[in-house]
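Read the figures in this text as sums done on the coordinates, not as results from a lab. Just so it is clear, the model here is predicted, and its values are computed rather than measured. Here Cβ is always computed from backbone atoms with ideal geometry, including for glycine, and neighbour counts include all displayed protein chains.
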Amino acid sequence: MGLLDGKVAVITGAAQGIGFAIAERFAADGARVVIGDIDEAAATTAAEKLGGSAVATGVRCDVTSASDTDALLAAATERFGALDVLVNNAGITRDATMRTMTEEQFDQVIDVHLKGTWNGLRKASAIMRAQQRGAIVNISSLSGKVGMAGQTNYSAAKAGIVGMSKAAAKEMAHHGVRVNAIQPGLIRSAMTEAMPEHVWEGKMAEIPMQRPGEVAEVASVALFLASDLSSYMTGTVLEVTGGRFM
Ligand code: NAP
């Protein structure tokens with residue numbers, strides 16, 4: 001028996017990295033999954049890797065677009081008949097100190113993370129409210145807890161996701177919809193592999209468990225928050241950080 005048997009989940013930015021690991025874990029636990037990603041071909045390939053059309057479907061979705069988000073969520077209800085879980089995971093970084101960060105880099109990061117999460121939250125909430133059930137998991141970051149130099153845009157967006165999650169949790173609790181967030185620390189993925197080695201080493205030195213996290217270790221916490229194992233939890237923020245900045 002899987003923890004998500006018979007459930008339908010949508011995950012944004014799920015063609016690779018943490019999002020794909022979440023999709024993979026959810027499918028292994030019995031869910032049918034809709035993989036949203038800005039890269040349509042990559043979303044389709046990711047869905048095929050999970051076993052094809054009986055289990056997964058890939059949909060092009062730019063989370064900054066409300067109409068793309070509508071189409072993504074409609075794929076869940078039309079293709080698989082329900083929307084039980086949404087994971088707002090899509091993300092980008094445009095790191096630079098304030099001295100060099102452009103207004104465009106600031107806006108891009110705020111748009112994808114904050115507007116993107118808000119689009120998913122409000123659209124999924126409307127569907128889940130009608131069903132009187134659902135679980136939403138928003139991917140924040142440790143950067144949103146402590147603030148990281150070179151990430152005024154990203155830290156602001158990720159802290160904003162915490163406030164947004166708590167506000168939405170309060171609006172939706174009496175409709176049977178739970179909203180929680182995860183703050184990953186240093187997780188091995190394409191996003192962090194792009195980091196210069198000295199930055200990576202600096203972060204490693206801050207981790208009590210003395211290793212980076214793996215995408216599967218974020219996915220298992222997402223599974224917990226998406227499933228009935230966390231049925232009395234809403235508005236929480238779980239850190240997956242190896243003890244960094246506890
Ligand atoms: P990743 O490997 O870069 O994956 C992010 C995915 O989101 C990519 O497939 C990307 O597509 C997609 N995406 C980007 N912009 C999008 C948009 N506008 N609409 C839809 N999809 C979009 O990064 P990751 O490490 O797995 O990160 C996943 C989430 O975890 C992000 O929210 C990130 O901020 C958060 N996080 C990561 C870490 C870490 O250490 N890795 C730590 C804390 C938080 P393209 O590749 O085509 O752009």
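Given charges of +1 on the Cβ of Lys and Arg and -1 on the Cβ of Asp and Glu, with all other atoms neutral, how large is the dipole of the chain about its Cα centre, in debye to the nearest 20? Could you put the intermediate results ahead of the total?
Values: 22 positive and 26 negative charges, 146 e Å.
I would put it at about 700 debye.
By count of other Cβ within 10 Å, fewest leading, how are 113, 198 ordered?
The fewest-first ordering by Cβ neighbours comes to 198, 113.
Any idea what % of Cα-Cα pairs in the stretch 8-236 are farther than 21 Å?
Here the tail beyond 21 Å accounts for 53 percent of pairs.
Could you state the principal axis extents of the C-alpha atoms in the stretch 28-83, from the largest down, to the nearest angstrom?
Here the spans come out as 29, 24, 16 Å, largest first.
Order 204-211, 22-29 from most to least packed using the mean count of other Cβ atoms within 10 Å.
Values: 204-211: 11.9, 22-29: 24.0.
My ranking of the peptides, most packed first, is 22-29, 204-211.
Using θ = phi - 60° and the Karplus form 6.51 cos²θ - 1.76 cosθ + 1.60, what ³J(HN,Hα) does each residue of the stretch 81-96 get, whole Hz, x for Gly and Pro?
Running phi through 6.51 cos²θ - 1.76 cosθ + 1.60 with θ = phi - 60° gives x, 6, 9, 9, 9, 10, 10, 8, 10, 3, x, 9, 10, 9, 6, 5 Hz.
Hey, can you grab everything whose amide H is under 5 Å from the amide H of residue 239? Only 5+ residues off in sequence or another chain; H modelled, so Pro and N-termini drop out.
Under 5 Å from the amide H of residue 239 lie the amide H atoms of 183, each far enough along the sequence or on another chain.
Once the Cα atoms of helix 116-131 and of the chain are each reduced to a long axis, what angle between those two axes, in degrees from 0 to 90 to the nearest 10, is obtained?
20 degrees
Could you go through the stretch 97-109 in sequence order and give the Karplus-derived ³J(HN,Hα) for each residue, using 6.51 cos²θ - 1.76 cosθ + 1.60 with θ = phi - 60°, rounded to whole Hz, and x for Gly and Pro?
So the Karplus estimates, Gly and Pro as x, are 5, 4, 5, 10, 5, 8, 4, 5, 5, 5, 5, 4, 5 Hz.
Arrange the following residues from fewest to most other Cβ atoms within 10 Å of their Cβ: 232, 154.
Listed from fewest to most nearby Cβ atoms, that is 232, 154.
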